[in-house]
1. Please give the helices (runs of 4 or more DSSP H) falling wholly within region 44-157 in which 2 or more residues are at pLDDT below 95 and in contact with a strand residue (DSSP E or B) (Cβ under 7 Å, 6 or more places away or on another chain).
2. I'd like the residue in region 243-284 that is out of contact with any helix residue (DSSP H, G or I) (no Cβ under 7 Å at 6 or more places or on another chain) and crowded, with 22+ Cβ neighbours inside 10 Å and, out of all such residues, is farthest from Arg153 (Cα to Cα).
3. Looking at Glu203, Glu207, which one is in contact with a helix residue (DSSP H, G or I) (Cβ under 9 Å, 6 or more places away or on another chain), charged (D, E, K, R), buried (at least 21 other Cβ atoms within 10 Å of the Cβ) and under 25 Å from Ala34 (Cβ atoms)?
4. How many residues are outside any loop (DSSP other than H, G, I, E, B), of a type in the set (D, E, K, R) and in contact (Cβ under 8 Å) with a residue 60 or more places away in the chain when one looks only at region 163-201?
5. May I ask you to list pairs of residues, at least six apart or on different chains, whose Cβ atoms are under 9 Å apart, with the first in region 40-53 being among the basic types (Lys, Arg) and the second being in a strand (DSSP E or B)?
6. Among the numbered conditions (1) farther than 25 Å from Ala73 by Cβ; (2) surrounded by fewer than 18 Cβ atoms within 10 Å (Cβ to Cβ); (3) among the hydroxyl-bearing types (Ser, Thr, Tyr), tell me where Tyr227 comes up short.
7. Going through region 217-242 one residue at a time, which ones are within 21 Å of His258 (Cβ to Cβ) and touching a residue at least 40 places away in the same chain (Cβ under 8 Å)?
Amino acid sequence: MKNERDLQPWQWKEEQWRRLVGRVRAGRALRPAAWQGGARCAVALSFDSDHETNELRDGGQSIGRLSQGQYGARQGVPRILEILARASVKASFFVPAVTALLYPDEQRRVIAEGHEIGIHGWIHERNSELPAEAERELQMRSADTLEKLCGVRPVGIRTPSWDFSPQTLGITKEMGLLYDSSLMADVDCYELEMDGKPSGVVELPVEWIRDDAVYFNMNRFAALRPYTPPADVYDIFKREFDAAYREGGIFQLTMHPHVTGYRSRIWILEELIRHIRGHERVWFATHADIVRYAKANSGTGP
């Protein structure tokens, strides 16, 4: 008799595929009737400060790729923070612990200017490739490192590359974190279920459509150059906001300082904020604040 692991997916019994689907799943929806202050739409801007860890996590030693990551710290983050300050907008920065150790003053500035810092792994590792105990240890060590450097303990996590192992949610729940922002089952907040049971962890969902990296990244050795003009990327993000506003939901956006922080792209962020500001009753907030509000005011919360 074949072991389950030796079976092809089309040979799986119903119990097996239901177990896989049910391991981590979207549970109850958490959309309030209105947002804080009577706002119609909540805007959750986020920035993943990966910097050099994109190269380091694969054991890479490319000076060129490391310098590209360093650009995120030298130019990307300062440009982003200046735009956010001028617009009086609060946002969330998800930071690998190694990034925080390389640039502690950057993280202290982010916190001092009223933004949130969330967990983003230790060295931007791929969770699904780690032994369970290693993933747990790294996630906890990352939280401790960020708290030590910033003076504030993170309440949320975004897994590196949004890579989610079968153990990730259990670790997040064990740590008592308020939310995760790595999964894509909805456009509104929802409670995550683990093996069919409510976990207490809220998901503020992401999507590759609302991520700058997929439009601009390239790999010169693989001759991979998926390039989209900045004006087209702005149009996609703008349409995503416009739909969120019509629906009275959340507009969540993920950007990277080493991707959007270039002079020919940074205008996307500035112009997008200007477009959003042109609408009445919009609430810009950190991911943590939006999750807290959604959980407390959804009508189905504890």
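1. In region 44-157, there are no helices (runs of 4 or more DSSP H) which contain 2 or more residues that are at pLDDT below 95 and in contact with a strand residue (DSSP E or B) (Cβ under 7 Å, 6 or more places away or on another chain).
2. Ala244
3. Just a single option satisfies the conditions, and that option is Glu203.
4. Selection size over region 163-201: 2.
5. Within 9 Å, the pairs are Arg40/Val282; Arg40/Trp283.
6. Unmet for Tyr227, out of (1) farther than 25 Å from Ala73 by Cβ; (2) surrounded by fewer than 18 Cβ atoms within 10 Å (Cβ to Cβ); (3) among the hydroxyl-bearing types (Ser, Thr, Tyr): (1).
7. The answer is Asn217, and nothing else.
So that you can scan it fast, the table gives a plain yes or no per residue for (1) among the hydrophobic types (A, V, I, L, M, F, W, C); (2) surrounded by 12 or more Cβ atoms within 10 Å (Cβ to Cβ); (3) in contact with a helix residue (DSSP H, G or I) (Cβ under 7 Å, 6 or more places away or on another chain); (4) not in a helix (DSSP H, G or I):
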| position | (1), (2), (3), (4) |
| --- | --- |
| Arg5 | no, no, no, no |
| Gln16 | no, yes, yes, no |
| Arg19 | no, yes, no, no |
| Arg25 | no, yes, no, yes |
| Arg28 | no, yes, no, yes |
| Pro32 | no, yes, yes, yes |
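The values are calculated or read from the model by the stated rules, or taken from the named source; none is laboratory data. For clarity, every value in this text was computed on a predicted model and none was experimentally measured. In this analysis, Cβ positions are derived from the backbone assuming ideal geometry, glycine residues included, and neighbour counts consider all displayed protein chains.
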